[in-house]
Amino acid sequence: MSNITQVVKQEKYMTTLNRGVTASGLDQVLSGTGPFTLFAPSDLAFGKLEGGTIEGLLKTENKLKLADLLNHHVVAGKIEFKDLKDGEKLKTMNGKELSVHIKDGKVSVNGATIQQRDVKTSNGVIHSLDAVLKN
């Protein structure tokens, strides 16, 4: 079974995330033992950001900003979709919190709706989001 970094590299709807994970060095962390839960913005989610945002973050001088943004999408531990609870607070790898909200069967994290869920990996799980989480 592939690890999180390998799955992100293979998924055709995560090309922007893959570029960011590689440029920030987060690929090394997400290849580690874990377990991790990655709330992964899709390419469409990144496309909703203001023009030029991604290109700016991918510049070498912005590596720390990019790493901080992407670490805001990673939680230590393996959290499957069925285990998410309304009102739950999740601590991210950058030390901030994500809020889980459940309404009418839809689950959102900080306002971003989970699209594809429970993509299993050897070191955790990935849930695809329709928006990039704000720091």
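Here, each number is a calculation from the coordinates, and none is a lab measurement. None of these values were measured; they are calculated from a predicted model. With ideal geometry, Cβ positions are generated from the backbone for all residues, glycine too; neighbour counts draw on all protein chains shown.
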Going 7 Å from the Cα of Y13 in the Cα-to-Cβ direction, what parts of the stretch 36-71 have a backbone nitrogen less than 13 Å from that spot?
-> 40-46
Which percent, nearest 5, of DSSP beta bridges in the chain are antiparallel?
-> 75 percent
Using 0.36 nm per residue of separation minus the Cα-Cα distance, give me the extension gain between K134 and D43 in nm, one decimal.
-> 31.2 nm
To the nearest 0.05, the calculated FRET efficiency linking K63 and T113 through their beta-carbon distance, R0 being 22 Å, is 0.15
In order over the stretch 116-122: 3J(HN,Hα) from phi, Karplus 6.51/-1.76/1.60, θ = phi - 60°, whole Hz, x for each Gly or Pro, gives 9, 10, 6, 6, 7, 10, 5
Please report how far the C-alpha centroid of the stretch 40-105 lies from that of the stretch 110-128, rounded to the nearest whole angstrom.
-> 11 Å
q = 0.09, 0.11, 0.14, 0.17 Å⁻¹, the chain: log10 I(q)/I(0) [Debye, one scatterer per Cα] | -0.22, -0.34, -0.56, -0.85
Just rank H101, H73, fewest to most, by other beta-carbon atoms within 10 angstrom.
-> H101, H73
